[in-house]
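The values are calculated or read from the model by the stated rules, or taken from the named source; none is laboratory data. All figures in this text were calculated on a predicted structure; none of them were measured in a lab. Don't worry about glycine lacking a Cβ; one is built from the backbone with ideal geometry, like all the others, and counts go over all protein chains shown. Surface areas here come from the heavy atoms of the whole protein model, side chains and all, with no ligands, DNA or RNA. Shrake-Rupley method; radii C 1.70, N 1.55, O 1.52, S 1.80 Å.
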Amino acid sequence: MRVIQKPGSMWRKAFVSSPETLGNFKSKDAPGYKDMLQCMRCGFCLPTCPTYALTGRERSNPRGRVALARAVAEKKLEFTRGVREEAFFCLDCRACTTACPSGVKAGEIMEVCRSQSHAFYPPGAMGNAFRTFILEKMLVSPERLEKSMIPTRLYQRLGLQWLVRHLGVLKLGPDWMEKAEGMLPPLEKPLRPQLPEMLSARGEKRGRIGFFLGCVMTLIYPHVSRQTVRVLAHQGFDVITPKAAKCCGAPHLSEGDRQTARELALFNLELFLAEDVDAIVTDCAGCGAALKEYEEILEGQADREKLALFRSKVRDVSEFLGEAGLRTEDLREVRKTVTYHEPCHLCHAQGISAQPRELLKAVPGVELREMSEASWCCGSAATWGLKFSEESRQVLDRKLGNVQSTGAEILATANPGCHLQLAWGVNRSGMSQEVLHVMEVLGQAVPD
Amino acid sequence: MAIMRKGLKRNKPPMISKAIIGLLQEKLGARNVLHEKEDLLTLGYDATPGVHHLPQVVVYPKTTEEVISAMEIACREGLPIVPRGSGTGLSGGSVPVRGGMVLGLTRMNRILEIDEENLTATAEAGVITLDLFNAVAARGLFYPPDPGSQKVSTLGGNVAENAGGLRGLKYGVTRDYVMALKGVLPDLSVISTGGKSVKDVAGYGFKDLLVGSEGTLGIVTEITVKLVPPPRDKRTFLAYFDDVRTAGEAVSRIIAAKIIPSTMEIMDRATINCVEDYVKIGLPRQMAALLLIEVDGHPAPVAEEAEGVRTILEQVNAAEIHLARDASQAADLAAARRTALSALARVSPTTLLEDATVPRSRLAETFSEIERLTEKYRLKVGTFGHAGDGNLHPTVLCDERDHDEMARAHAFYNDLYEKVLSWGGTVSGEHGIGLAKKEYLARQIGEGGVRVMKRIKNAFDPEGVLNPGKIFDEGDPETRQHVEEGFRVKP
Ligand SMILES: Cc1cc2nc3c(=O)[nH]c(=O)nc-3n(C[C@H](O)[C@H](O)[C@H](O)COP(=O)(O)OP(=O)(O)OC[C@H]3O[C@@H](n4cnc5c(N)ncnc54)[C@H](O)[C@@H]3O)c2cc1C
Ligand code: SF4
Ligand code: SF4
């Protein structure tokens, strides 16, 4: 084959580096070059990407984002502010992963780019301090949040800042706090201190599970996880909720702090493996997705067998009940029409789509009405809902339109981020739907 | 050519001035003019491996008038103009090899009219193929051309490449549905050719010249297509084979039996495995090949043809024959087939795909030849394609960083084309010449043929502003597909 020399070509300098080159990435936690080469640029992911639907810009879609990362690796581009923006603008909804026949994970590549971004653009001193406070102090130990003598309203703020995570790194619009507060449900006391270390199975016992209670769940949705635990016990499982559990690490991963994420992961891994449980179950799709990634983020840092064992036990609650089979004999009737919004972190990140629907349909009296585009992101996606308000609202409006056309009374979902966003949207648009976690719907059917 | 000089400085594309950007922004709106490096980097590729060049500016007009404004500025500044749809092309057609202005059509995406009396639909060039299909289906009508990329590709891109699809065998390709085109020529005149009348012989067939012209003759802005009533009934078969050649034989025999299925798609073992890795619907990993066959039409003939197909499949000793349970299973199978190319890309960093097309009676021989060459050149090859059209996509799964392997891949295609052409086949069934096939065009149509084509190009575009570097092999190294040193990092 002819070798074509292109003297003086602007590409030339690219060829000095090695194939597994870091190029213009920093060496710590650089995205894998092979993962980028895997993209054959077919564009199959384009119609699934919400940020592409919003902007129509190639650089804001998975194919473009992978190309940008690749250009950085090939030294055709510095790690520019533009690259950083794309990394953070990506919702991390993983719809592109589901859509990609070649197995490219654009969302994950962007997640790694977010971590690179801190090395290139150190957050300002103030923001940094706050960020450290939230990410390293508060979040590593939700208990600290719960026990501290912070007044209720501040709890909420902290819970939100937990969501916002990233304060000071990106500029938030001046109205973010207002919006944030508008999204909050009425606050109860955090759940963790209230839950017994073990709740015993009701009826014939079917097993023993470890319940992973997520930070946002305990702080903002304690009433949801209370139902989850109740449902699990009613289904015949002893439910252990280790008090010492720490944050799953998802916010740290998402904001690019891989080191803290690893420390948290290691701690939770040991904690749960020490309990003799058949499965590790969570009702937060974001946590579930992160727990399932421990094997990957701890690769080489923890015993391989332990990692595999841990991975084999992690289940989202609907996945777990789907496998175990729902005991429906003494469920009460719930005469409601329900539509289901699929959290990205459940359907795209974990491939769980049918199970929550099956659970809903199994509840006597429930009529499930499918909305169109059920798996289209609601615009919450981690902190995105607070960072890019206008775009986020457009994505949300599309979702609400689809909800409205079903005429359902209940809008069910399975992730706190979606829950917040949807509840806020429904409220703001004066819609009548009650937004509930799938486990809350099930909880209504469980006799006292 | 004088004005082109400015834009043709080979290796250092001229900087585009702030004033020009400002002017474009004024005419098209700021959000429709992109010029940051991050944007340019992501708008200089399509789905063809090994080609990537940066434009200097990218514009997204929303009306034909804005197309003209943008083209006017480009011509004045000596910027080549490269039309772009969704960038799913497989011959490098939308890659700005000489820099210049990429003119994206994706924001001209309105369906303008569905005319149920004349059975036509009119849409802007940036409408996504599947969106048009769905819109007309909602009115009980049918737009058959369905390239594998239908969820992503634009109608303009389909027209420019004369795209085929899974239903090509019975229903034909994009050209067979284009009734009228509106567009802008390089001299900035607006051309409107064809119409809703089913017959039209007024002068030369401009419309047919524009279809398949790969963005080198004019920018298409509006397309009127013919619609047909959807088939009332269909049957979908999935047949497995122990030997690819048998599958090829089955195809030839079905056609020889005067049965024209709407779809006859083939996948070989490598493809089956990659697709199954993605779709997980239980395709048989151990089989040498499978055929997806669909017959459609009125219920009575469909039943009869289905019987005919089954008989032939039995006669050639297909290993297994399955009938799709229902429409949704049939749709899943077609969807699975559409992912073939992207799924093959799982295996290796580079997927070199070809588009060889032979008369259908030669299918079995073509498979033998592909097998022989695969062995001869020690390559990993997955083959799939529109078997019913004799259109195969033997795909070499390789790593462009491995020079020796790339050389063998090249030799593989060289030998294969030799055979294909000697059988009266073509080097491109549907993906176009673009950058990827330039070397082969003259071999197929002869020097005389190339000369006439160039004269046609000159008649439309004497200055050579539109999509330069495509189709014709000028021996210009910049405009070749240069996989081994192209866009990726060398070892
Ligand atoms: C996975 C996959 C499967 C595919 N399957 C098929 C298949 O089954 N059959 C098939 O035929 N092709 C197939 N293709 C190839 C490709 O999708 C088609 O060629 C498609 O028509 C390109 O459309 P596009 O909008 O992406 O155009 P682009 O790739 O953006 O452009 C293609 C060419 O058209 C020109 N162009 C685009 N819009 C205009 C316009 N408005 N006016 C003038 N010129 C224009 C461009 O300059 C370029 O030369 C496949 C591609 C992929 C990645
Ligand atoms: S990420 Fe996957 S689906 Fe998207 S362009 Fe790349 S290969 Fe295709
Ligand atoms: S993760 Fe979501 S937002 Fe990010 S590139 Fe993929 S589809 Fe787009």
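Kirkwood hydrodynamic radius (Cα pairs, Å) of the protein assembly as shown? Spell out each step's value before the answer.
Details: mean 1/r = 0.0336 Å⁻¹.
Taking the inverse mean of 1/r over all distinct Cα pairs, the protein assembly as shown comes out at 29.7 Å.
For the range B:233-422, take the convex hull of the Cα atoms, compute a quarter of its surface area, and give me that in nm², please.
Numbers: hull surface 40.1 nm².
Averaging across all directions leaves 10.0 nm² for the Cα convex hull.
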Self-check item: Per-residue SASA entry for residue B:110, accessible area with 1.4 Å probe, Å² rounded to 10
Solution: 130 Å²
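Calculate, in nm to one decimal, what residue B:228 and residue B:323 gain on full extension: separation in residues at 0.36 nm each, minus their alpha carbon distance. Could you put the intermediate results ahead of the total?
Numbers: separation 95, 0.36 × 95 = 34.20 nm, distance 2.60 nm.
Separation in residues times 0.36 nm, less the Cα-Cα distance, equals 31.6 nm.
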Practice problem: Obtain the nm distance between the two label points defined at residue A:274 and residue A:311 by a simple spin-label model: each point lies 7 Å from its Cα along the Cα-to-C-beta direction. | Solution: 2.4 nm
Practice problem: Take every DSSP beta bridge whose two residues both sit in the protein assembly as shown, then give the antiparallel share in percent to the nearest 5. | Solution: 65 percent
Self-check item: Protein heavy-atom accessible area occluded, B/A pair - total, 1.4 Å probe, Å²
Solution: 4700 Å²
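What translational D, rounded to a whole number of µm²/s, comes out for the range A:198-324 from Stokes-Einstein when the hydrodynamic radius is the Kirkwood one over Cα pairs, at 25 °C and 0.890 mPa s?
On the way: Rh = 14.6 Å.
So the translational diffusion coefficient is about 168 µm²/s.
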Quiz item: Where in the range A:78-102 does accessible area fall by at least 30 Å² between the isolated chain and the complete protein assembly, at a 1.4 Å probe radius?
Solution: A:101, A:102
Exercise. Starting from the Cα of residue B:199, draw a straight line to each of the aspartates and glutamates and keep only those under 19 Å, dropping any in the same chain fewer than 8 residues away.
Key: B:115, B:116, B:117, B:176, B:208
Quiz prompt | Where labels lie 7 Å past Cα in the beta-carbon direction, separation of residue A:85 and residue B:116 in nm | solution = 4.6 nm
Practice problem: Among the aspartates and glutamates, select those whose C-alpha is under 16 Å from the C-alpha of residue B:37, and discard any that sit fewer than 8 residues away in the same chain. | Solution: A:58, A:74, A:78, A:85, A:86
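Quick one: order B:271, B:374 from most to least accessible surface, probe 1.4 Å.
Largest to smallest exposure gives the sequence B:374, B:271.
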Self-check item: Share of alpha-carbon pairs per 5 Å distance bin for the range B:18-104, given as whole %
Solution: 3, 16, 28, 26, 17, 8, 3, 0
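Beyond 22 Å, what share of the Cα-Cα pairs of the range A:253-347 is found? Please give it as a whole percent. All intermediate terms of the calculation are to be shown ahead of the outcome.
Values: 1757 of 4465 pairs.
More than 22 Å apart: 39 percent of the Cα pairs in the range A:253-347.
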Self-check item: With every protein chain in place, chain B: carbon and sulfur % of accessible area (1.4 Å)
Solution: 51 percent
Quiz item: In the full protein assembly as shown, how much of residue B:62 is accessible to a 1.4 Å probe, in Å² to the nearest 10?
Solution: 80 Å²
Exercise. Please name the residues of the range B:38-53 whose accessible area, counted over protein heavy atoms with a 1.4 angstrom probe, falls by no less than 40 Å² between the chain alone and the full protein assembly.
Key: B:38, B:41, B:42, B:45, B:47
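With a 1.4 Å probe and all protein chains left in place, how much accessible area per residue does the protein assembly as shown have, in Å²? Write out the running numbers ahead of the final one.
Working: 34990 Å² over 939 residues.
On a per-residue basis, 37 Å².
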Quiz item: Protein chains only, probe 1.4 Å: how do B:276, B:65, A:409 rank by accessible area, largest first?
Solution: B:65, A:409, B:276
Quiz item: Roughly how much of residue A:353 is accessible, in Å² to the nearest 10, using a 1.4 Å probe?
Solution: 40 Å²
Practice problem: Please give, to one decimal in nm, the separation of the simple spin-label points placed at residue A:397 and residue B:197, each 7 Å out from Cα toward the Cβ. | Solution: 4.6 nm
